[in-house]
């Protein structure tokens, strides 16, 4: 149980380090801290897993860690990452945190970022919010597209 608490604290600290994207104490960058913490978590998973984690959750954490290691490979500091890589890293860390915390509320409150095209342009905009907010935005857009467009007087423009 203590091991799980320590890992949760490490993950929360990782997300905070990523959000600030500033060098930590000494010469260690937030990216290096994230890698160090994820390696420690990976070692714990390799040594028999974390108490309370199901095999499915274990697999999800390992896949998210693979994403983390793929993003940070060849980069030494947070500033070396592109915006897309920072988004991928943040989302992977949030997936890991949601599985470690293991609640539906944690999943809904999981912070995610996504890129969406601005209507009428080729520009993309980065939006961040909770998993629930992203789901609501997608459902709202889908509902708008599926809603019938029938013109009913007097709002039809005709006189």
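The values are calculated or read from the model by the stated rules, or taken from the named source; none is laboratory data. Not measured: the values here are computed from a predicted model. In this analysis, Cβ positions are derived from the backbone assuming ideal geometry, glycine residues included, and neighbour counts consider all displayed protein chains.
Pairs are defined by a Cβ separation below 8 Å, a sequence spacing of at least 6 or placement on different chains, a first member in region 47-63 that is under 15 Å from residue 95 (Cα atoms), and a second member that is outside any loop (DSSP other than H, G, I, E, B) and modelled with pLDDT under 85; the pairs so defined are 53/99; 53/100; 57/99; 60/99; 61/99; 61/100.
Of all residues in region 9-21, none are at pLDDT 85 or above and either surrounded by 12 or more Cβ atoms within 10 Å (Cβ to Cβ) or assigned to a helix (DSSP H, G or I) (or both).
Residue-by-condition table, conditions (1) without any contact (Cβ under 8 Å) to a residue 60 or more places away in the chain; (2) surrounded by fewer than 16 Cβ atoms within 10 Å (Cβ to Cβ); (3) assigned to a helix (DSSP H, G or I); (4) in contact with a helix residue (DSSP H, G or I) (Cβ under 9 Å, 6 or more places away or on another chain):
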{"position": "89", "(1), (2), (3), (4)": "no, no, yes, yes"}
{"position": "92", "(1), (2), (3), (4)": "yes, no, yes, yes"}
{"position": "128", "(1), (2), (3), (4)": "yes, yes, no, yes"}
{"position": "132", "(1), (2), (3), (4)": "yes, yes, yes, yes"}
{"position": "137", "(1), (2), (3), (4)": "yes, yes, yes, no"}
{"position": "142", "(1), (2), (3), (4)": "yes, yes, yes, no"}
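Being more than 13 Å from the chain's Cα centre (by Cα) and closer than 23 Å to residue 89 by Cβ is the filter here; which residues of region 134-155 pass it?
The first filter runs over region 134-155 and keeps only residues more than 13 Å from the chain's Cα centre (by Cα), leaving 135-155.
135, 137, 138, listed by residue number.
Every condition in (1) more than 27 Å from residue 35 (Cα to Cα); (2) in contact (Cβ under 8 Å) with a residue 12 or more places away in the chain; (3) not in a helix (DSSP H, G or I) holds for residue 114 except the one numbered (1).
The single condition among (1) crowded, with 17+ Cβ neighbours inside 10 Å; (2) modelled with pLDDT of 85 or more; (3) under 24 Å from residue 126 (Cβ atoms); (4) touching a helix residue (DSSP H, G or I) at 6+ places or on another chain (Cβ under 6 Å) that residue 85 does not meet is (1). Scoring residue 60 on the criteria (1) in contact with a strand residue (DSSP E or B) (Cβ under 8 Å, 6 or more places away or on another chain); (2) assigned to a helix (DSSP H, G or I); (3) surrounded by 15 or more Cβ atoms within 10 Å (Cβ to Cβ) leaves a single failure, condition (1).
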